[in-house]
1. I need every pair where a residue in segment 262-280 that is more than 20 Å from Thr244 (Cα to Cα) and touching a residue at least 40 places away in the same chain (Cβ under 8 Å) has its Cβ under 7 Å from the Cβ of a residue that is hydrophobic (A, V, I, L, M, F, W, C) and open to solvent by 50 Å² or more (accessible area, probe 1.4 Å), sequence separation at least 6 or different chains.
2. Give segment 145-174 a look and list any residue that's surrounded by 23 or more Cβ atoms within 10 Å (Cβ to Cβ) and under 9 Å from the mean Cα position of the chain (by Cα), or say none.
3. Going through Glu261, Glu248 one at a time, which residue ends up being surrounded by 19 or more Cβ atoms within 10 Å (Cβ to Cβ), at pLDDT below 95 and charged (D, E, K, R)?
4. For segment 279-301: of the residues being open to solvent by 40 Å² or more (accessible area, probe 1.4 Å) and at pLDDT 90 or above, which is farthest from Tyr82 (Cα to Cα)?
5. Looking at (1) surrounded by fewer than 21 Cβ atoms within 10 Å (Cβ to Cβ); (2) at pLDDT 80 or above; (3) not polar (S, T, N, Q), find the lone condition where Leu19 falls short.
6. On the basis of being closer than 30 Å to Leu43 by Cβ, among the aliphatic types (A, V, I, L, M) and either crowded, with 18+ Cβ neighbours inside 10 Å or in contact with an Asp or Glu (Cβ under 9 Å, 6 or more places away or on another chain) (or both), does Leu202 make the cut?
7. Give me a count of the residues in segment 71-102 that are assigned to a helix (DSSP H, G or I) and without any contact (Cβ under 8 Å) to a residue 24 or more places away in the chain.
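The values are calculated or read from the model by the stated rules, or taken from the named source; none is laboratory data. Being a predicted model, the structure only gives us computed values, none of them experimental. All Cβ positions, even for glycine, are placed from backbone atoms using ideal geometry, and neighbour counts span all protein chains on display. All accessible areas refer to the heavy atoms of the entire protein, side chains included, with ligands and DNA or RNA removed. Shrake-Rupley method; radii C 1.70, N 1.55, O 1.52, S 1.80 Å.
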Amino acid sequence: MDAHGHGRTTAASRSRPALTATLVLTAGFMLVELIAGLWTGSLALLADAGHMLTDAGAVALALFASWVAARPPTPAKTYGYYRAEILAALLNAVVLLFVAGGILYEAWQRIVTPSPVLGVPMAVVAAVGLGVNVTCAWLLHHGARESLNVRAAYLEVLSDALSSLAVLVAAGLVITAGLTVADPLASAAIALLIVPRTWRLLRQAVNVLLEGTPAHLELAEIEAAMTRVAGVRRVHDLHVWTLTSGREAMSAHVVVTDVRESERLLEALHAVLHARFGIDHTTIQLETEPPAVLRIKGPNPV
């Protein structure tokens with residue numbers, strides 16, 4: 001029996017209003033930072049504008065993926081387009097790793113060849129940018145717990161908030177002490193903070209695409225819970241995988257005492273899987289234990 005539980009509202013779809021507001025704020029302030037960077041001669045502001053461009057791209061991709069994921073299944077794509085969200089999360093993670101590498105390279109360049117900047121306008125723009133990023137992070141915080149794709153956009157915004165904070169601190173040191181080296185050092189620290197979180201996101205996305213067992217579920221626990229249902233003897237060929245964020249699927253062969261109780265058994269198994277593990281998309285094959293093979297030994301050959 002196949003119990004799909006196809007609710008069309010995914011975690012990413014529920015986050016569309018927050019993603020849209022984040023896209024407008026991020027894209028708008030990116031242009032402000034670009035103009036301010038050219039005016040003040042601040043490489044940090046220009047780099048942060050590039051980082052915000054990546055943020056805007058990530059959010060736009062998340063919006064596109066949430067729209068695609070909401071499309072109904074077709075005969076050619078029987079699961080629908082749920083995996084579009086995971087592909088977008090994978091792409092976002094890869095891009096963010098490249099951004100971290102770019103920040104490290106730019107930091108080294110600025111340490112080797114310091115560049116004078118207008119500290120006061122740099123600080124003002126960085127402070128406004130920090131406010132924009134904190135607002136966007138607040139908008140995405142709830143959805144980031146439910147969706148890998150929204151989490152990717154959330155991490156982008158958080159990393160840019162750290163970048164804006166670093167620019168603000170560096171601007172303060174430039175204004176008060178003339179320490180231009182503070183900017184590239186802060187940028188390098190930000191890059192080193194970005195990499196571990198992004199690597200975890202990348203591993204999650206790859207695990208989903210490889211149909212690995214979700215990290216929060218244990219096959220042994222699921223099998224034990226199923227075998228405790230009255231009438232179930234054992235479970236084999238058990239598989240659990242993720243369709244998209246917050247939506248797991250399972251298939252299994254269940255050996256039962258009496259297949260004539262199939263309606264009760266399936267209802268009980270689905271109830272256990274939903275209540276204990278949050279799995280609603282299940283495919284369960286009921287079967288009886290095959291009869292033991294009777295071997296009759298003849299006389300030993302002479």
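1. Final answer for the pair search is Leu266/Met1.
2. Ser147, Leu148, Asn149, Val150, Arg151, Ala152, Ala153
3. Values: Glu261 fails: surrounded by 19 or more Cβ atoms within 10 Å (Cβ to Cβ).
Residue meeting the stated conditions: Glu248.
4. In this case the residue turns out to be Glu287.
5. Evaluating Leu19 over (1) surrounded by fewer than 21 Cβ atoms within 10 Å (Cβ to Cβ); (2) at pLDDT 80 or above; (3) not polar (S, T, N, Q) leaves (1) as the failure.
6. The answer is yes for Leu202.
7. Residues meeting the conditions: 2.
Here's the yes/no breakdown for (1) more than 15 Å from the chain's Cα centre (by Cα); (2) open to solvent by less than 70 Å² (accessible area, probe 1.4 Å); (3) in contact (Cβ under 8 Å) with a residue 12 or more places away in the chain; (4) over 18 Å from Ser147 (Cβ atoms):
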| residue | (1), (2), (3), (4) |
| --- | --- |
| Val206 | no, yes, yes, no |
| Leu209 | no, yes, yes, no |
| Thr213 | yes, yes, yes, yes |
| Glu218 | yes, no, no, yes |
| Ala224 | yes, yes, no, yes |
| Arg233 | yes, no, yes, yes |
| His236 | yes, yes, yes, yes |
| His239 | yes, no, yes, yes |
| Leu243 | no, yes, yes, no |
